1. Compute log10 of I(q)/I(0) for region 62-103 with the Debye formula, placing one identical point scatterer on every Cα and leaving out solvent, at q = 0.18, 0.22, 0.29, 0.30 Å⁻¹, to two decimals.
2. Full extension from D62 to K143: what is 0.36 nm times the residue separation minus their Cα-Cα distance, to one decimal in nm?
3. Work out how much length Q76 to Q38 would gain on full extension: take 0.36 nm times their residue separation and subtract the Cα-Cα distance, in nm to one decimal.
4. Per residue, how many Å² of accessible area does the chain show with a 1.4 Å probe?
5. Out of the total accessible area of the chain (probe 1.4 Å, heavy atoms of protein only), what percent is carbon and sulfur?
6. Compute the length gained on full extension between E45 and S11: take 0.36 nm times their separation in residues and subtract their Cα-Cα distance, giving the result in nm to one decimal.
7. Among DSSP beta bridges lying fully in the chain, give the percent that are antiparallel, nearest 5.
8. Using only the alpha carbon atoms of the chain, find the Kirkwood hydrodynamic radius as the inverse mean reciprocal pair distance, in angstroms to one decimal.
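The values are calculated or read from the model by the stated rules, or taken from the named source; none is laboratory data. No experiment lies behind these values; they were computed from the predicted model shown. These area figures cover heavy atoms from the full protein model, side chains too; ligands, DNA and RNA do not enter into them. Shrake-Rupley method; radii C 1.70, N 1.55, O 1.52, S 1.80 Å.
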Amino acid sequence: MSSLSFATGLSRLRLAWTAEGICLLRFVDGPDREEAAQAPAWVMEAVRRLMAHLAGQPQDLDGIPLDLSELTPFQQRVAQVLRSTQPGQTLTYGEVALLAGCPGAARAVGQAVKANPILILVPCHRVVAANGSGGWSAFGTPKRKARLLALERPGRQIE
């Protein structure tokens, strides 16, 4: 696994990859000590698209290859459900559980979302509570989650 970090309009991100695809995308405070000196062209293209997306220029992020092999089978199903959602679309934890083939497993979906290692590309920011509130997320704050959703919605207002 190799990694690099880069600054975006929202925050600094750390991205790690294997030969299969991106396996980690997290918000970080600063560069890692062991960053890759060079990255393959497909990784640099993913970085370019992420930077543009987070700068308010909508991008198609679906084609970026991911490596989900470190996730449990349930986490993989949740990730596939989330990747099948449309930008700006939200689902409740219960709806994700149903679509993942596990009706009634809303709490387990919450744990899978919390453990999501590939933020933005596995769009866990699209999962909301049944009452519609954004709630806490792997992004650190409800405000950051709301900003990510706002970036995906037409006519969006970004704070």
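1. Listed by q, the Debye log ratios stand at -0.54, -0.77, -1.08, -1.10.
2. So the extension gain works out to 26.8 nm.
3. Separation in residues times 0.36 nm, less the Cα-Cα distance, equals 10.8 nm.
4. Value for the chain: 52 Å² per residue.
5. Percent of accessible area from carbon and sulfur atoms in the chain: 51.
6. Gain on extension, E45 to S11, equals 10.4 nm.
7. So the antiparallel bridges in the chain amount to around 75 percent.
8. It is 16.0 Å.
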